[in-house]
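The values are calculated or read from the model by the stated rules, or taken from the named source; none is laboratory data. Note that the structure is a prediction, hence the values are computed from the model and not measured. Cβ atoms come from the backbone with ideal geometry, glycine included; neighbour counts cover every protein chain shown. For the accessible areas, the whole protein counts, side chains as well, though only heavy atoms, and no ligand, DNA or RNA atoms are used. Shrake-Rupley method; radii C 1.70, N 1.55, O 1.52, S 1.80 Å.
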Amino acid sequence: MSKKTPLIVVRDLHQRFGKHHVLKGVTCNIYEGETVVLLGGSGGGKSVLVKHFLGLLSPYSGDVIVEGENISKMSERQLGKVRRMIGMMFQNGALFDYMSVGQNIAFPLRQNTKAKEKEIEERVTKCLEIVKLDGQIDKMPADLSG
């Protein structure tokens, strides 16, 4: 059995906001195709951890390695490649309220790739299937529950 290389490696990650020490030595590996669930109370650092995967936050200390590259000290320009590879849905007010669900999902694909419209439509449909929202492509964000 061959050992797979992790897509994301987090090593001894610490994050502080003033005196508040949010992440205290988080270490984990995330593999391609794997489903990961982060559980914890409000303010426990779940969103803070995920923001590190995209380089939206820089670690106080520790490393975040995506596809073999340490992104912890990358510039905004260098992080563009990483951000196109990983998607994140923010908790509140992150969808364009004047666009349908499908248009929201397609937006970054249209902005950041050279994908043809048919490929974008296929990817949008697949994304909605993955999160169990099949058939919701034309709904507006306000019409979604939860």
Next on the checklist: Among the listed residues Ser100, Ser72, identify the single one that is within 30 Å of Val124 (Cβ to Cβ) and polar (S, T, N, Q).
Outcome noted: Ser100
Checklist entry - Is there a residue being over 19 Å from the mean Cα position of the chain (by Cα) and under 20 Å from Gln15 (Cβ atoms) anywhere in region 115-127? => result no
Next on the checklist: For region 105-144, give me each residue that is of a type outside the set (A, V, I, L, M, F, W, C), open to solvent by less than 90 Å² (accessible area, probe 1.4 Å) and within 20 Å of Lys81 (Cα to Cα).
Outcome noted: Pro108, Asn112, Thr113, Glu119
Checklist outcome for this item: Counting only residues that are open to solvent by less than 70 Å² (accessible area, probe 1.4 Å), touching an Asp or Glu at 6+ places or on another chain (Cβ under 9 Å) and on the phi < 0 side of the Ramachandran plot, region 21-36 contains a total of 1
Item to check | Flag for Arg110 being more than 26 Å from Val36 (Cβ to Cβ) and either under 17 Å from the mean Cα position of the chain (by Cα) or in a helix (DSSP H, G or I) (or both) | outcome: yes
Checklist outcome for this item: The condition of being open to solvent by less than 50 Å² (accessible area, probe 1.4 Å), over 17 Å from the mean Cα position of the chain (by Cα) and more than 21 Å from Leu23 (Cβ to Cβ) holds, among Ser61, Ser100, only for Ser100
